[in-house]
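This report refers to the structure that appears directly beneath it.
A short reminder: the numbers here are calculations on the coordinates, not readings from a lab. Everything numeric in this text was worked out from a predicted model, so none of it was measured. Cβ placement follows ideal geometry from the backbone for every residue including glycine, while neighbour counts extend to all protein chains displayed.
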Amino acid sequence: MLTTSIAFAQGEDVEGSKDHPLISRFADSTIVYYDVEQFDEYILALGKVEWERDEDYKRVFNLTKSKQLEGKVTRIQYDAPEDRSTLEIYRNYESALKRAGFEILFAGAREELGKDFGEAAYNAMRNVRGDYFHYLDSYVEHQRYIAAKLSRPEGDVYISIFVSISMHKRNPVIQADFVEVKPMEEGLVTADTMMEDMTRTGRVVIYGIYFDTGRADVKPESEPVLKEIAKLLQQNSELKLYIVGHTDNVGDLAYNMKLSQNRADAVVKTLVSKYGVDTKQLKAYGVGFLAPVSSNKTEEGRAKNRRVELVEQ
């Protein structure tokens with residue numbers, strides 16, 4: 001495996017942590033947060049952040065460009081020495097990525113990223129994991145970010161590096177995320193295959209409808225599956241379906257019940273407004289993590305439990 005070293009220095013790392021084999025740490029930095037999920041979803045920021053207010057006057061962020069990914073996700077947060085600038089750290093990572101053959105997808109600094117980029121880009125992780133992700137709330141004059149891709153036969157690797165000086169710390173903070181994408185093995189679910197499943201079992205399990213972690217906005221990458229669902233319903237005008245949202249068990253039951261209901265509602269709204277499905281054919285329900293199809297003790301199991309099901313009324 002290709003490995004690029006920036007500068008390694010042993011420190012008081014959290015137990016069980018290590019640098020990713022592709023890109024090691026900046027000199028004298030220490031791992032303060034480490035997490036590896038064998039299969040998870042990830043939203044890669046590829047543009048600046050814009051903010052707006054919702055009807056309750058709460059701030060809602062929008063990444064002007066992003067990419068939905070799935071695969072092995074490694075998240076590493078480092079504390080860097082106080083006497084090193086974010087520019088120096090950023091340039092080290094930028095150089096390392098280029099030497100390793102990565103394609104730079106997006107890079108920006110300061111106002112180019114928008115106000116509170118760290119808070120916005122990692123907001124889902126703050127809500128779900130908490131812990132160290134609030135340290136990514138940073139001063140706009142110090143924030144720097146780069147996203148890159150390495151193409152490999154065994155699956156592409158995406159890397160994002162966010163460097164900032166936190167509002168909660170005096171030293172630079174480095175968030176390094178790695179997503180190792182597995183090649184697709186499953187074919188597209190079609191209207192015909194869905195009808196076969198519906199006839200045989202009374203339900204269809206859908207994994208091709210995507211949401212940001214902790215959110216209910218249907219991602220553009222969901223379009224192929226949504227088109228097939230619309231085709232199924234339009235070809236079978238008497239068919240009526242429950243759109244049922246399911247989650248894993250990250251977070252409490254109330255949170256997941258609301259999230260799954262909101263996601264089911266969003267799917268129904270999209271099918272009706274964008275694809276012309278008759279609203280009388282659809283009802284939305286969310287059941288949170290109350291109907292798992294696999295154990296939530298592993299990431300593979302949690303990934304299977306995060307789904308939408310079509311259930312015949």
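Normalised by 2.2 N^0.38 Å, where N counts its residues, the alpha-carbon radius of gyration of segment 248-313 equals 1.22. Farthest towards the positive end of the charge dipole of the chain, among the residues P172, G118, V60, is the Cα of V60, using unit charges on the Cβ of Lys, Arg, Asp and Glu. Candidates Y158, I209, Q235 compared by Cα position along the dipole of segment 146-253: farthest toward the positive end lies Y158, with charges placed on Cβ. Per residue, the Cα convex hull of segment 30-181 amounts to 112 Å³. When only the Cβ of Lys, Arg, Asp and Glu is charged (+1, +1, -1, -1), the dipole of the chain relative to its Cα centre reaches about 460 debye. Residue order for H168, H246, fewest other beta carbons within 10 angstrom first, comes to H168, H246. From its DSSP helices (H runs of at least four residues, each -39,500 (n - 2.57)), the chain gives a residue-normalised ellipticity at 222 nm of -7500 deg cm²/dmol.
For the chain, the longest principal axis of the alpha carbon atoms and the long axis of helix 86-99 meet at an angle near 70°. With 21 Å as the limit, write out which pairs from K240/K269; K65/K149; K58/K280 have Cα-Cα distances beyond it, or answer none. In this structure, K58/K280 exceed 21 Å between Cα atoms.
Pairing the Cα long axis of helix 223-235 with the longest principal axis of the chain, what angle in degrees results, from 0 to 90 and rounded to the nearest 10? It is inclined by approximately 0 degrees. Of the three principal axes defined by the Cα atoms of the chain, the extents in descending order read 68, 46, 32 Å.
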